[in-house]
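See structure below.
The values are calculated or read from the model by the stated rules, or taken from the named source; none is laboratory data. What you see is a predicted model; the values in this text were computed from it and never measured. For neighbour counting, all protein chains shown are included, and Cβ atoms are generated from backbone atoms with ideal geometry for every residue, glycine included.
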Amino acid sequence: MTSPPLGRRLPADSLAVREGQTHAGLDRITRLLRLALDVPMAAVTVLEDDVAWRPSSAGFRAPSLPVEQTLCLRVVEHDGPLEIRDTLTEASVADLPAVRDGVRFYAGMPLRDATGVAVATLCAFDRRPRELTEDQREAMVDLATWAETELFASSEMAQARRVQASLLPAAPLRDGAWAVDGLCLPAMSVGGDFFDYELLDSVLHLNLGDVMGKGTGAALIGAAVRTALRGTGNAVAAGVDLGITVTHSANALLPDLERAESFVTLVEAAVDLTDGELRYVDAGSGLVLLTRADGTVEALSGEDRPIGVWRGDHWTEVRRVIAPGDRLLICSDGLLDLLDDPQAWSQEAGAMVMEADDLPSFLTSVAALAARREASDDITVLALFREPGA
Amino acid sequence: MIEIPVDHRADGIGVLAPSGRLNMVSARALRSAIEELVAAGHARIVLDLAETSFLDSSGLGAIIAGLKTARQAGGDLRIARPTPEVLAVFQLTNMDRLLRPRDTVDGAFDD
């Protein structure tokens, strides 16, 4: 007699990812979880029939394994958050392969599908016994909410979301004292926000755009704008005035934007990582700020209009210096909805940037805020931190 | 649904006064209201924003489209009396120089 499967048989299209595939959105979450909880390993585990597989893992390679051999099955059985502070004191898990391989600490959050059934987990592992702090538990809850949105969606939109997530940079970028990373939380399955960065020689080329409206139409235009800007990367790195490169991209995009009756607010920037010189164009975004090592916040306002609004518009490059200890934040207006007073956004957002220990913890705090306030607009942030004394 | 009262003034100027939230849902209604005014020969339009409590990028898109429609027909579109919240959107996107906010509806076409 065979025993019934422990996991659920999942409808083939209920997940945004299949076994053997990777998922850029989930990778971002496990990476943030690992940093937020200060653990060496984090993963998303799907429990399907008898097999547990991991669409995303950070800090370790995770082959599929029988469901009954996982700690994650305990989360699903328990049907709630689970924290095992020392696996050696828990007789029920002491014989599991992970524990025999040295896992002493485990934390797992159930991820529920649209019908409310836990079919996957967001989980973290450590090789030493420990206890999460209250802040870490909150971060885990927030990241689990985000993971659910990434993991469960109708198949077609999930596919679109996966493609869109793959258009974002795959990993944070570090270079000496510099770190750049961002996150994009669409209000629907896909959204009109995007950000991008690439390192060309010693020049960091980065941008963030917000296409009018939400949903699929905005996403299609966002992909076109991103591609147009990528195409100017070499000119940007060579030091060509950004006013020129943006005007060039805008002219190329204008017929499409006019036909679609849309427009784009954009911040296009280049930073010379050898001396910290920032060059940027603000096309109607107005949402750029620079926090200084001495605690001051400068909102970098521009005077140029969004792209696609007016034939014959042109754009202007502005310059600043990002000194050691300074931090640059670029965001979409969705972030403003999350703040207590959107009119005084630069002070509030500036404080969030400065209070963060590092870039991952800043991004975690934004994701947490978005989860708590149930954002209705696309939220995108892009941040560049320069370490002090470097 | 948003209400957009229309006033056809004797001097040929059309006044639209959308009340409530100008967002993705209501932007379409505003766009058609402007197109109808222009089609009816009122290419000079004042958008009275005194009762508009919220404006997002779709709403802004409808206003820009309306401005283009009006100018193509030889007229213009002017905005009047925006609330501080709505004014902030125009300022943030640097659209306040293309669409300079006017203090009154009656004086919106004085210059």
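Any idea how many residues of segment A:270-293 are outside any loop (DSSP other than H, G, I, E, B) and not β-branched (Val, Ile, Thr)?
10
Pull up segment B:1-46, narrow it to residues that are assigned to a strand (DSSP E or B) and hydrophobic (A, V, I, L, M, F, W, C), then point me to the one that is farthest from B:Asp110 (Cα to Cα).
Per the criteria, the residue is B:Leu22.
Suppose we filter segment A:187-224 for residues that are in contact (Cβ under 8 Å) with a residue 60 or more places away in the chain, in a loop (DSSP other than H, G, I, E, B) and more than 14 Å from chain B (Cβ to nearest Cβ); how many remain?
So the count comes out to 1.
So in segment B:27-46, with the set limited to residues that are out of contact with any strand residue (DSSP E or B) (no Cβ under 7 Å at 6 or more places or on another chain) and under 22 Å from A:Val264 (Cβ atoms), which one is farthest from the other protein chains (Cβ to nearest Cβ)? Break it down into steps so the answer makes sense when it comes.
Residues of segment B:27-46 out of contact with any strand residue (DSSP E or B) (no Cβ under 7 Å at 6 or more places or on another chain): B:27-29, B:31-32, B:35-36, B:38-41, B:43.
Pick out the ones that are also under 22 Å from A:Val264 (Cβ atoms) and you get B:27-28, B:31.
Details: B:Ala27: 8, B:Arg28: 11, B:Arg31: 8 Å.
Of everything passing the filter in segment B:27-46, B:Arg28 is farthest from the other protein chains (Cβ to nearest Cβ).
Just for segment A:273-323: of the residues that are more than 11 Å from chain B (Cβ to nearest Cβ), in contact with a Gly (Cβ under 9 Å, 6 or more places away or on another chain) and among the acidic types (Asp, Glu), which one is surrounded by the most Cβ atoms within 10 Å (Cβ to Cβ)?
Per the criteria, the residue is A:Glu317.
From A:Val190, A:Val211, A:Val225, A:Val180, which residue is β-branched (Val, Ile, Thr) and under 24 Å from A:Val321 (Cα atoms)?
Every option except A:Val180 fails the conditions.
Residues are listed down the side, and each one gets a yes or a no for (1) touching a residue at least 12 places away in the same chain (Cβ under 8 Å); (2) of a type in the set (Ser, Thr, Tyr):
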{"site": "A:Leu336", "(1), (2)": "yes, no"}
{"site": "A:Asp340", "(1), (2)": "no, no"}
{"site": "A:Gln343", "(1), (2)": "no, no"}
{"site": "A:Gln347", "(1), (2)": "yes, no"}
{"site": "A:Ala356", "(1), (2)": "no, no"}
{"site": "A:Thr364", "(1), (2)": "yes, yes"}
{"site": "A:Arg373", "(1), (2)": "yes, no"}
{"site": "A:Asp377", "(1), (2)": "yes, no"}
{"site": "A:Arg386", "(1), (2)": "yes, no"}
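What do you reckon, is A:Arg327 more than 17 Å from the chain's Cα centre (by Cα), of a type in the set (Lys, Arg) and over 17 Å from A:Ser285 (Cβ atoms)? Steps first, answer last, please.
Numbers: more than 17 Å from the chain's Cα centre (by Cα): yes; of a type in the set (Lys, Arg): yes; over 17 Å from A:Ser285 (Cβ atoms): yes.
Yes: the conditions hold for A:Arg327.
Which residue, of B:Leu49, B:Leu16, B:Leu77, B:Leu92, is within 14 Å of chain A (Cβ to nearest Cβ) and at pLDDT 95 or above?
B:Leu77
Tell me which of these A:Phe105 doesn't satisfy, since it passes every other one: (1) closer than 15 Å to A:Val39 by Cβ; (2) without any contact (Cβ under 8 Å) to a residue 60 or more places away in the chain; (3) not small (Gly, Ala, Ser).
(2)
Could you tell me whether segment B:88-101 includes any residue that is surrounded by fewer than 21 Cβ atoms within 10 Å (Cβ to Cβ) and more than 23 Å from A:Pro306 (Cβ to Cβ)?
No, there is no match, as no residue in segment B:88-101 is surrounded by fewer than 21 Cβ atoms within 10 Å (Cβ to Cβ) and more than 23 Å from A:Pro306 (Cβ to Cβ).
Scan A:Arg112, A:Arg137, A:Arg74, A:Arg85 and give me the residue that is in the same structural domain as A:Ala42 (by TED's automatic domain parsing), surrounded by 14 or more Cβ atoms within 10 Å (Cβ to Cβ), of a type in the set (Lys, Arg) and closer than 19 Å to A:Glu150 by Cα.
Residue meeting the stated conditions: A:Arg112.
Scan segment A:118-131 and tell me whether some residue there is part of a helix (DSSP H, G or I) and either within 23 Å of the chain's Cα centre (by Cα) or loosely packed, with under 14 Cβ neighbours inside 10 Å (or both).
Taking every residue of segment A:118-131 in turn, none turns out to be part of a helix (DSSP H, G or I) and either within 23 Å of the chain's Cα centre (by Cα) or loosely packed, with under 14 Cβ neighbours inside 10 Å (or both).
Within segment A:19-28, is there a residue that is surrounded by 13 or more Cβ atoms within 10 Å (Cβ to Cβ), part of a strand (DSSP E or B) and modelled with pLDDT under 95?
Within segment A:19-28 (the criterion being surrounded by 13 or more Cβ atoms within 10 Å (Cβ to Cβ), part of a strand (DSSP E or B) and modelled with pLDDT under 95), the answer is no, since none of the residues qualifies.
Restricting to segment B:44-59, what's the tally of residues that are surrounded by fewer than 21 Cβ atoms within 10 Å (Cβ to Cβ) and of a type in the set (A, V, I, L, M)?
1
Tell me, which residue of segment A:366-390 that is at pLDDT 90 or above and more than 25 Å from A:Ala218 (Cα to Cα) is nearest to the other protein chains (Cβ to nearest Cβ)?
The selected residue is A:Leu384.
For segment A:150-177, name all the residues that are assigned to a helix (DSSP H, G or I), in contact (Cβ under 8 Å) with a residue 12 or more places away in the chain and not small (Gly, Ala, Ser).
Hits for segment A:150-177 are A:Glu150, A:Leu151, A:Met157, A:Gln159, A:Arg161, A:Arg162, A:Gln164, A:Leu167.
Which of the numbered conditions does A:Ala98 fail, given that it passes all the others? Conditions: (1) in a helix (DSSP H, G or I); (2) under 28 Å from A:Val366 (Cβ atoms).
Evaluating A:Ala98 over (1) in a helix (DSSP H, G or I); (2) under 28 Å from A:Val366 (Cβ atoms) leaves (2) as the failure.
Go through (1) at pLDDT 90 or above; (2) surrounded by fewer than 23 Cβ atoms within 10 Å (Cβ to Cβ); (3) under 20 Å from B:Thr93 (Cβ atoms); (4) touching an Asp or Glu at 6+ places or on another chain (Cβ under 9 Å) for A:Ala187 and report which single condition fails.
That leaves (1) as the condition not met.
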